[in-house]
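Here the structure is laid out as structure tokens; the discussion comes afterwards.
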Amino acid sequence: MTDTSNPPNNDFQQIRDELKIPRNFPSSVLAEAELASKRDPLEPEFSAQRNDLLSVPFVTIDPPGSRDLDQAFFIEQIRDGYAVRYAIADVGFFVKRGGEIEQEAWRRGQTLYSPDLKTPLYPPILSEGGASLLPGVIRQAIVFTFSLNSRAEVVSLDIARALVRSRAQLNYPEVSEHLAREREQTGSGQLAGQQWSASISLLEVVGRKRQLLEAERGGVSLRIPSQQVQRWTTAVSGYRLAFETASEVEEWNAQISLMTGMDAARTMIHHGIGLLRSLSKPRPDRLQALHLTASALGVNWPSTLEYDDFVRSLDPQNPIHAVMLHQAARVTGGARYVAFQGEAPQQAFHSAIAAFYAHVTAPLRRLADRYALDLLVALSTGMPPEPELITAFSELPQVMAAADNVSRRLESAIVDFAEACILENRIGEIFDATVIALRSDGVVVQITDPPIRTLIPAATFALPAQNEPASLSNDGVTLNIGSAQISLGQSLRLKLESVKPLARSLLFSVAFGS
């Protein structure tokens, strides 16, 4: 499944230009960032503002090649519990309020990703340099120090600015390989023998225990493979389409981030001010429809099994289960930010995490996190939040919603364009596909090779003389289009009729009876 074509970078740039994504930083922003990057956390004027944790052997784990390193961690076992230190890049140390960098960051909202380049929230001299938790250099960070019991439940939390120095920049594949070897024979992993090696093994231990706690509280992670356009150096084109799922190491690392976000939210709620990330609970009518869908597809869902446990039981590698995962993702609305003062509103609850939750662990890539961290440091020292910070919280939900929208549109347009480029020379071929979603305007199918998801319009299935609108069955499993019936999980054979790369569109016909 490495069928590729090289979507020229100027076409990716055309998409970015359509979405008004900035190409460069203004010179005034770059000049300010140059000066900010030279700030020395060891200067005496900052000595009273942070703890010295330079002796703690922090490490980072990120995708290969990452330079904007937001988080570093160190875990050690304390009797039958655990101590977790989680260092997060302190953007507030470098980016002054009201300055050119901050104003530009508010225009951007978040880092955006394209196959050929990254459009960063902050200038690279900061996000990949002075503020990044790169190994071997002293950085000012905001450190969450957790005390956990034997079940990895949080017993206590301290939040403070501190000096840190990461010892190693690790990536997910090498940590996965190391832990696999360690399971076979202790000390055989390629990362063994380091001061921080035990911390890597404890990440798995604590991560697994946190996953169990997530299940107990009713949290759920939808393991839907994401469709991505990737650089692929072994291909002549340099790009490919692929479906990716998170590795176990990514999931364990994410559990530490989730724990941090949950306890950040608890701190905000305790003090009566903050910015939360929320997701509505599954709607009863949609849950009922999901039960009907499972029954129609022959997927066992006992009446005693809650939604979250049912989702965890699904295997994304099973085609029918993959269809169910797509349907399960539709029972809630989209995630959003909620600012509050006083009592936290119930609608600020995050149903997938099954807890109140705040974004705080990616300040180099997400605008809101910097202000949430600044607030937490102030609250932990007993200082009232600055008026400017309260004003920022009132404005951030709208700014972040707009940035999320641009990110989704960019990702969708790039995938559509890449699909068209990859299939441009395959007109007339037949492709096997599976129906994974039904809509009033057609059906969404997943083609295995090349890995493509696309909408087949309802008109494709109707006879020319039929003008009847499409209607969905009560159980949500069948779409009736005139005399045609299309069902979830159904296998289709599709003939590619035309491709328009510049319009980022594909046209298929259905090979009936083939």
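The values are calculated or read from the model by the stated rules, or taken from the named source; none is laboratory data. Owing to the predicted nature of the structure, the values given are computational and were not obtained by experimental measurement. With ideal geometry, Cβ positions are generated from the backbone for all residues, glycine too; neighbour counts draw on all protein chains shown.
Candidates in the range 60-116 are the residues that are aromatic (Phe, Trp, Tyr) and assigned to a helix (DSSP H, G or I); of these, the one that is surrounded by the most Cβ atoms within 10 Å (Cβ to Cβ) is Phe94. Under the condition of being polar (S, T, N, Q) and surrounded by 14 or more Cβ atoms within 10 Å (Cβ to Cβ), which residue from the range 420-459 is modelled with the highest pLDDT? Of everything passing the filter in the range 420-459, Thr454 is modelled with the highest pLDDT. When the helices (runs of 4 or more DSSP H) confined to the range 156-274 are screened for residues that are within 30 Å of Glu388 (Cβ to Cβ), those reaching at least 1 such residues are found at 248-271. In the range 57-110, the residue that is nearest to the chain's Cα centre (by Cα) out of those that are more than 22 Å from Leu163 (Cα to Cα) and among the aliphatic types (A, V, I, L, M) is Ala105. The single condition among (1) of a type in the set (Gly, Ala, Ser); (2) under 27 Å from Ile390 (Cβ atoms); (3) out of contact with any Lys or Arg (no Cβ under 7 Å at 6 or more places or on another chain) that Ala335 does not satisfy is (3). The single condition from (1) surrounded by fewer than 22 Cβ atoms within 10 Å (Cβ to Cβ); (2) under 30 Å from Pro387 (Cα atoms); (3) β-branched (Val, Ile, Thr) that Ile320 fails is (2). Contact map, the range 294-322: residues that are of a type in the set (S, T, N, Q) paired with residues that are assigned to a helix (DSSP H, G or I) and crowded, with 16+ Cβ neighbours inside 10 Å, Cβ distance under 8 Å, separation 6+ or inter-chain. Pairs shown: Asn300/Ala294. Among the conditions (1) without any contact (Cβ under 8 Å) to a residue 12 or more places away in the chain; (2) crowded, with 22+ Cβ neighbours inside 10 Å; (3) of a type in the set (S, T, N, Q), the only one that Thr361 does not satisfy is (1).
Pairs meeting the criteria (first residue in the range 264-279 and more than 28 Å from Arg330 (Cα to Cα), second residue of a type in the set (Gly, Ala, Ser) and surrounded by fewer than 19 Cβ atoms within 10 Å (Cβ to Cβ), beta carbons under 6 Å, at least 6 apart or on different chains) are Gly272/Gly342. Restricted to strands (runs of 3 or more DSSP E) entirely inside the range 384-476, those with at least 1 residues that are charged (D, E, K, R) are 430-439, 452-457. The residues of the range 219-243 that are within 30 Å of Ala355 (Cβ to Cβ), touching a strand residue (DSSP E or B) at 6+ places or on another chain (Cβ under 9 Å) and at pLDDT 75 or above amount to a single one, Gly219.
Among the residues of the range 40-50 satisfying the criterion of being surrounded by 14 or more Cβ atoms within 10 Å (Cβ to Cβ) and of a type outside the set (Phe, Trp, Tyr), which is nearest to Asp116 (Cα to Cα)?
Residues of the range 40-50 surrounded by 14 or more Cβ atoms within 10 Å (Cβ to Cβ): 41, 46, 49-50.
This time we only want the ones that are of a type outside the set (Phe, Trp, Tyr), so: 41, 49-50.
Values: Pro41: 34, Gln49: 40, Arg50: 39 Å.
Checked the range 40-50; the qualifying residue nearest to Asp116 (Cα to Cα) is Pro41.
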